[in-house]
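Below: the structure, in structure tokens.
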Amino acid sequence: MIRLSCTKAALLAGTVLFGLAPTAAYAQEAQPEAGDAASEPEIVVSGIRRSLEAAATIKRNEVVISDTISAEDIGKFPDQNLAESLQRVTGVQITRARGEGAKISVRGLSPDFTRTQYNGRTITTPDGSRSFDFTSLSADFVSSIEVYKTPTADMTDGGLSAAVNIKTSRPLDAGKDVYSLTVEGVYESNPEKVTPHIAAFANKLFADGTIGVNFGVNFERRRIQTFNYSAFGMQPVTEHPFIPAVPATPTSPATPAQPATFDYNQDGALAGTYRFNHAAGLGVNDGTTRRLTFVGGIQVEPADNIELHADAIYTRFKANIDQVGTTLRFTNIAGPNAAIRGAVTEPDDELDSDGILTFLDADGVDLRNNGRNVITNDSSFSGAIGGKAMFGRLTASAEFTYSKSRRKVSSLGLEVLGRASASQDLRPDPAGTPLIAFTRGYDPLDPTNFNAIGFNGAYKAPTTDRNWDGRLDLDYDAGDGLI
């Protein structure tokens, strides 16, 4: 996948969005004024270097083991979502869905052991599990991501491996009015399509900088096309015997132009020991995904010691994928014309066995086709309202949050069964993908060669996850006393 940026605003969006300077200005040296020989040059670091410095400072000042990715880091790389950014943190691995980062695991533990928060509060996930699905969350409006590998006393428990906090900038943090527009084209190499990515953001200050409001919208569309091959692996023939069996001694030896042939063993007795790949599956996933994200917030400082805030995020994610698969099961050979037409076994010293079956040609092979349309509709909302007040040495802060996610999945599919004349050839590469061929005139596209065996799946199956939180913190500065 290649991302093509269409406007200058797109190049600067990751920077302007979070109130940083353009990435081209790595460092600027201020010249002393004329006649002021005592003044010293001032170094202003901005762009990528500024973000790396900020991340290093946060890590240095933390009393726990943590890592931080700043806005510039995320804006610089063509990440599809936050999981793509988090994989650059030491100890963090990601799992992918349709080529896009979906869930994260830390230090080898399951994603269920990682607690994900949004601005310090719990955020629900559309699939209702303990692990957060990053597919539905855009990275355009994020100022930083904090990964805490060891907890602190003030953190909400629940993350055995780590706690991940996704932070967005509040309106007054920018200190100025900010407007940005990002327009990108994403080229997908498999379907050979260019899909859009558009994001807009505005941050406005009022009343001499004591009131701030921001709002952002993001839209992304992707065209998905992936291909896959699945195998059951090389297993002993005694675990999955052929029906009919393959004798060990061929009736005619193999030649360069013709593989060895075997007679049908009427009693089904196994006369040899070898390993073989008894099933081969080929599939394609083709479809589209769409993601729409809205963010907004308001922040008010009516006095020097009082701060009030409210923010919300809403996302919608839809995936419409057609899944088509074909599987040949060479352990299920049946029907009136079932027969082994050819087979080749070769020694395999590495496996310490008599050999591996590298070629098999048969009539009556189990051929199954499955076509399934999977439509996933996800929606998530998270909102919070809170504030902070300082009275001398006492600081009180409170926040109340609500989060809800919902998923509806439809996955209806039809499966058909046929008895094919087919072969699989592993001789070019026994550890690779076999060469599959249909033999003796069998047509896998002829519908009369199949019988329907199943229609199954879910229709708009719902999953809902809700969470309410309330928090009140009191912090008292005891000074330099005994405590």
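The values are calculated or read from the model by the stated rules, or taken from the named source; none is laboratory data. Since the model is a prediction, treat every value here as computed from it, not as a measurement. Glycine gets a Cβ as well: all are built from the backbone with ideal geometry, and neighbour counts include every protein chain shown. These area figures cover heavy atoms from the full protein model, side chains too; ligands, DNA and RNA do not enter into them. Shrake-Rupley method; radii C 1.70, N 1.55, O 1.52, S 1.80 Å.
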Filter the range 258-274 for residues that are of a type in the set (S, T, N, Q) and loosely packed, with under 15 Cβ neighbours inside 10 Å; the one that is modelled with the lowest pLDDT is Gln266
Conditions (1) open to solvent by less than 30 Å² (accessible area, probe 1.4 Å); (2) within 25 Å of Asn373 (Cβ to Cβ); (3) not basic (Lys, Arg) -> Ala422 fails only (2)
Restricting the search to the range 275-317, which residues are assigned to a strand (DSSP E or B), of a type outside the set (Val, Ile, Thr), open to solvent by 30 Å² or more (accessible area, probe 1.4 Å) and farther than 20 Å from Gly216 by Cβ? Arg275, Leu282, Asn285, Asp286, Glu301, Pro302, Ala303, Leu308
Output the qualifying pairs, or none if there are none: Cβ atoms under 7 angstrom, residues six or more apart or on different chains, first residue in the range 102-118 and open to solvent by less than 50 Å² (accessible area, probe 1.4 Å), second residue β-branched (Val, Ile, Thr) and not in a strand (DSSP E or B). Ala102/Thr135; Thr116/Ile123; Gln117/Ile123
Do we have any residue at all in the range 390-406 that's aromatic (Phe, Trp, Tyr), in contact (Cβ under 8 Å) with a residue 24 or more places away in the chain, open to solvent by 70 Å² or more (accessible area, probe 1.4 Å) and outside any strand (DSSP E or B)? no
Can you find even one residue in the range 410-429 that is without any contact (Cβ under 8 Å) to a residue 60 or more places away in the chain, part of a loop (DSSP other than H, G, I, E, B) and either more than 23 Å from Thr124 (Cα to Cα) or among the hydrophobic types (A, V, I, L, M, F, W, C) (or both)? yes
Go through the residues of the range 147-157 one by one and say whether even a single one is closer than 20 Å to Phe381 by Cβ and either assigned to a loop (DSSP other than H, G, I, E, B) or touching a Cys at 6+ places or on another chain (Cβ under 6 Å) (or both). yes
Please verify whether Val164 is buried (at least 19 other Cβ atoms within 10 Å of the Cβ), touching a Lys or Arg at 6+ places or on another chain (Cβ under 9 Å) and at pLDDT 85 or above, treating the condition exactly as stated. yes
Regarding Val106, is this residue aliphatic (A, V, I, L, M) and closer than 15 Å to Ala312 by Cα? no
Only residues that are exposed (fewer than 12 other Cβ atoms within 10 Å of the Cβ), among the hydrophobic types (A, V, I, L, M, F, W, C) and assigned to a loop (DSSP other than H, G, I, E, B): list them for the range 444-483, please. Leu445, Ala478, Leu482, Ile483
Looking at Gly432, Gly441, Gly413 in this structure, which one is more than 30 Å from Phe317 (Cα to Cα) and open to solvent by less than 40 Å² (accessible area, probe 1.4 Å)? Gly432
Scan the range 197-221 residue by residue and report those that are under 30 Å from Gly287 (Cα atoms) and open to solvent by less than 50 Å² (accessible area, probe 1.4 Å). His197, Ala199, Ala200, Phe201, Gly216, Val217, Asn218, Glu220
Any chance the range 121-141 includes a residue that's more than 19 Å from the chain's Cα centre (by Cα) and exposed (fewer than 15 other Cβ atoms within 10 Å of the Cβ)? no
